[in-house]
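The values are calculated or read from the model by the stated rules, or taken from the named source; none is laboratory data. Note that this is a predicted model, so its numbers are computed, not measured. Cβ placement follows ideal geometry from the backbone for every residue including glycine, while neighbour counts extend to all protein chains displayed.
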Amino acid sequence: MITMKKSPERDFIILNLTDPQMRNEEWEEGHEHRRIFTDTVTELVDRVHPDLITLSGDVADAGQYAAYEALADFMDRFAIPWAPIWGNHDNQYGPEAVERVVEGYENHPYFLYERGDAALGNGNYVIRIEEEGKIIEGLILMDTHHTISYTNAEGKNCRALDKLWPEQLSWYERQIRALADEGCTDTTLIIHIPIHAYRLASQAVFRDDINIRQAPLEMFLSGECQREAYPESVGVQFDAVNTPMADDGVMDVITRLHSTKTIIAGHDHKNTWMIPYQGVRLAYGLKTGAGCYYDPRLNGGTVIRVTSDGVAEVSHEFVDMTPAGEQG
């Protein structure tokens, strides 16, 4: 069990980073992607002074062990606890490859993690935030795995993104009930692959008479891309919403239990939106760094501000890495 203490005198600040996803060579001295990532995170830490840093998956690419170790060495410089979950790329070579990373990370003093039940994936665990002996927030970190095989309508064998498994949803419910028994009724779920409800929320919010993936940034900022019924929705959708294809049942469980108010997902590097949907804030974490692909205008991290009453605010902190000659 992981418990972190919140001082009554100040908010507890969580900085979420997502999808660093750099390969071994990108961590070499002088590589531009290394500079962008390290400068971005350093700026974020200096700006928001987090008590905890979470990483919502695709920490690197599977098998790129030097990259995983380089990231851990870098994170330790801040002397701030950091807690990862794994993305589809981390899981690509199976649980043995993830376990090798975990064994290396256990040598790092600020690494927070629990393996959890191996039958449920790699690392499903809870971080409890406590103030004066009371649990005020539960962070539930869950593994969304890699991909699954299926047969399409033409009889072809295909692969699709995996989802939270039914056994994991049972585990999630047990954690929610255990937290409630301790008086905690506000929780945040951190995952990598967005749940199916993200697809439905996107369809509900964004106008279908606009090609939003090609819309100028200014149209999102002005609210022109959203339907009027969703004035509180913010952010852009320049990527497809890549979720499990069929309804995964996650939202039904979450709304029935009335505990999780915010979900943070990664995976879609150029999506930054936050949408209130069925009483839950569905949010993309802001992509951190240039690994794999990114839009330099949409770079940074996501800040979760916890007060004595739980999460009070979720916001993106942008760090501009647009080359000086391209700024305008």
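Whether any residue in the range 74-93 is out of contact with any Phe, Trp or Tyr (no Cβ under 8 Å at 6 or more places or on another chain) and of a type in the set (Ser, Thr, Tyr) is what I want to check.
Looking through the range 74-93, at least one residue is out of contact with any Phe, Trp or Tyr (no Cβ under 8 Å at 6 or more places or on another chain) and of a type in the set (Ser, Thr, Tyr).
Identify the residue in the range 306-328 that is at pLDDT 95 or above and closer than 21 Å to Asp19 by Cα and, among all such residues, is farthest from the chain's Cα centre (by Cα).
Result: Val319.
State yes or no: is Ala246 in contact (Cβ under 8 Å) with a residue 12 or more places away in the chain, under 29 Å from Ile140 (Cα atoms), exposed (fewer than 13 other Cβ atoms within 10 Å of the Cβ) and of a type outside the set (Val, Ile, Thr)?
Against the criterion (in contact (Cβ under 8 Å) with a residue 12 or more places away in the chain, under 29 Å from Ile140 (Cα atoms), exposed (fewer than 13 other Cβ atoms within 10 Å of the Cβ) and of a type outside the set (Val, Ile, Thr)), Ala246 qualifies.
Among the residues that make up the range 172-181, is at least one of them within 25 Å of Ile275 (Cα to Cα) and touching a Lys or Arg at 6+ places or on another chain (Cβ under 8 Å)?
No: the range 172-181 contains no residue that is within 25 Å of Ile275 (Cα to Cα) and touching a Lys or Arg at 6+ places or on another chain (Cβ under 8 Å).
If I ask for residues that are charged (D, E, K, R) and under 20 Å from Ile2 (Cβ atoms), which ones from the range 138-157 would you list?
Correct list: Asp143 only.
Consider only pairs whose beta carbons are under 9 Å apart and that are at least six residues apart or on different chains; among these, list those whose first residue lies in the range 133-149 and is more than 17 Å from Arg177 (Cβ to Cβ) and among the charged types (D, E, K, R) and whose second residue is part of a strand (DSSP E or B) and at pLDDT 95 or above.
So the pair list comes out as Asp143/Ile85.
Scan the range 266-306 for residues that are among the hydroxyl-bearing types (Ser, Thr, Tyr) and surrounded by 17 or more Cβ atoms within 10 Å (Cβ to Cβ) and jot them down.
Thr272, Tyr277, Tyr284, Thr288, Tyr294, Thr302 - these are the residues of the range 266-306 that are among the hydroxyl-bearing types (Ser, Thr, Tyr) and surrounded by 17 or more Cβ atoms within 10 Å (Cβ to Cβ).
Note down all Cβ pairs under 9 Å where the first residue falls in the range 102-113 and is touching a residue at least 60 places away in the same chain (Cβ under 8 Å) and at positive phi, the second is among the hydroxyl-bearing types (Ser, Thr, Tyr) and surrounded by fewer than 14 Cβ atoms within 10 Å (Cβ to Cβ), and they're at least six residues apart or on different chains.
That search, which allows pairs on different chains as well, returns nothing.
Residues checked against (1) crowded, with 17+ Cβ neighbours inside 10 Å; (2) small (Gly, Ala, Ser); (3) touching a Lys or Arg at 6+ places or on another chain (Cβ under 6 Å):
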{"site": "Asp76", "(1), (2), (3)": "no, no, no"}
{"site": "Trp82", "(1), (2), (3)": "yes, no, no"}
{"site": "Gly87", "(1), (2), (3)": "yes, yes, no"}
{"site": "Val102", "(1), (2), (3)": "yes, no, no"}
{"site": "Phe111", "(1), (2), (3)": "yes, no, no"}
{"site": "Arg115", "(1), (2), (3)": "no, no, no"}
{"site": "Ala118", "(1), (2), (3)": "no, yes, no"}
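Every residue in the range 178-215 that is farther than 19 Å from Val311 by Cβ and either in contact (Cβ under 8 Å) with a residue 24 or more places away in the chain or in contact with a helix residue (DSSP H, G or I) (Cβ under 6 Å, 6 or more places away or on another chain) (or both), please.
Across the range 178-215, the qualifying residues are His192, Ile193, His196, Arg199, Leu200, Ser202, Ala204, Val205, Phe206, Ile212, Arg213.
With respect to the numbered conditions (1) under 26 Å from Ala312 (Cβ atoms); (2) touching a residue at least 24 places away in the same chain (Cβ under 8 Å), which one is the sole condition not fulfilled by Leu221?
If we test Leu221 against (1) under 26 Å from Ala312 (Cβ atoms); (2) touching a residue at least 24 places away in the same chain (Cβ under 8 Å), just (2) comes out false.
Would you mind finding the one in Asp11, Asp19, Asp51 that is farther than 29 Å from Pro296 by Cβ and touching a Lys or Arg at 6+ places or on another chain (Cβ under 8 Å)?
So the residue among Asp11, Asp19, Asp51 that is farther than 29 Å from Pro296 by Cβ and touching a Lys or Arg at 6+ places or on another chain (Cβ under 8 Å) is Asp11.
Return yes or no: is Arg199 loosely packed, with under 13 Cβ neighbours inside 10 Å and in a helix (DSSP H, G or I)?
no
For residues in the range 125-182 being part of a strand (DSSP E or B) and of a type in the set (Phe, Trp, Tyr), which is surrounded by the most Cβ atoms within 10 Å (Cβ to Cβ)?
Tyr125
Can you tell me which of Ala180, Ala153, Ala204, Ala118 is touching a Phe, Trp or Tyr at 6+ places or on another chain (Cβ under 9 Å) and over 22 Å from Met75 (Cβ atoms)? Walk me through it before giving the result.
On the way: Ala180 fails: touching a Phe, Trp or Tyr at 6+ places or on another chain (Cβ under 9 Å); Ala153 fails: touching a Phe, Trp or Tyr at 6+ places or on another chain (Cβ under 9 Å); Ala118 fails: touching a Phe, Trp or Tyr at 6+ places or on another chain (Cβ under 9 Å).
When all the criteria are applied, what remains is Ala204.
Going through Ala62, Ala67 one at a time, which residue ends up being in contact with an Asp or Glu (Cβ under 8 Å, 6 or more places away or on another chain), of a type in the set (Gly, Ala, Ser) and closer than 23 Å to Asp295 by Cβ?
Among Ala62, Ala67, only Ala67 is in contact with an Asp or Glu (Cβ under 8 Å, 6 or more places away or on another chain), of a type in the set (Gly, Ala, Ser) and closer than 23 Å to Asp295 by Cβ.
Please verify whether the range 73-91 includes one or more residues that are out of contact with any His (no Cβ under 6 Å at 6 or more places or on another chain), within 19 Å of Ile191 (Cα to Cα), modelled with pLDDT of 95 or more and among the small types (Gly, Ala, Ser).
Checked the range 73-91: at least one residue is out of contact with any His (no Cβ under 6 Å at 6 or more places or on another chain), within 19 Å of Ile191 (Cα to Cα), modelled with pLDDT of 95 or more and among the small types (Gly, Ala, Ser).
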